[in-house]
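The values are calculated or read from the model by the stated rules, or taken from the named source; none is laboratory data. All of these numbers come straight from a predicted model, not from anything done at the bench. Using ideal geometry, Cβ is built from the backbone for each residue, glycine included, and neighbour counts are taken over all protein chains shown.
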Amino acid sequence: MARTQAADYDQKRSMIVEKAAELFARFGFRGASVSDLAQACETSKSLIYHYYPSKEDVLYAVMASHIDQLVEDAAAALQDEGDARIKLGRLIHAFMRHYVGAAERQKILLNELDNLPDDKRRIIVEKQRGIIADVQSLLEAIDPSLARDKKRARVKTMLLFGTINWTHTWFDPAGPVSPNDVADMALEFVLPG
């Protein structure tokens, strides 16, 4: 007979991911052990392994929870009404709002990709590339000269991501500048006129 799932199964998985994000962001994937994670979750290693077969699976869950939200943010921004400039603005604003609440996950996404098994890394990278392609398409629609010069378009796209992706290292959510202000500044940096 199949074993039934506990009523709080999803909650426990989410708690493990949350605690793992804190640990991996603070100590790095290699610097935090499953024992450390079990201690942070106030549970046993065997229970961690009940929910996730390996430490790499926990890392993937942390990254996937973050990248999937960014994919959703991009899809929502692209589906709404408006021209490319408006859509890009919505997308960058959504990303900045998300980054503020997920600084640990953003740090892990940027720094720990090489610790994933190849199959899982490919999934994350494919989603990242999709987001980059969406942003590049919007920039090309805004500035048709970029559509004729794909290399320059890619550089401009990556400059925009370089501007916002690393805000987790310096942005203070309680500071005098809001995430929306940062998004506006990043857009001013890359948009013509």
As an exercise: evaluate residue 11 against (1) surrounded by fewer than 17 Cβ atoms within 10 Å (Cβ to Cβ); (2) in contact (Cβ under 8 Å) with a residue 60 or more places away in the chain; (3) in a helix (DSSP H, G or I) and give the number of the one condition it does not meet. (2)
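Being closer than 28 Å to residue 23 by Cα, of a type in the set (Gly, Ala, Ser) and touching a residue at least 40 places away in the same chain (Cβ under 8 Å) narrows it down to one of 94, 103, 84, so name that one.
Testing whether each residue is closer than 28 Å to residue 23 by Cα, of a type in the set (Gly, Ala, Ser) and touching a residue at least 40 places away in the same chain (Cβ under 8 Å) leaves just 103.
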Any residue at all in the range 172-180 that's under 16 Å from the mean Cα position of the chain (by Cα) and either at pLDDT 95 or above or of a type outside the set (Gly, Ala, Ser) (or both)? yes
Which residue pairs have Cβ atoms closer than 7 Å, lie 6 or more positions apart in sequence or on different chains, and pair a first residue in the range 123-151 that is more than 15 Å from residue 72 (Cβ to Cβ) with a second residue that is acidic (Asp, Glu)? 146/140; 147/140
Looking at 119, 134, which is the one that is in contact with a helix residue (DSSP H, G or I) (Cβ under 6 Å, 6 or more places away or on another chain) and of a type in the set (D, E, K, R)? 134
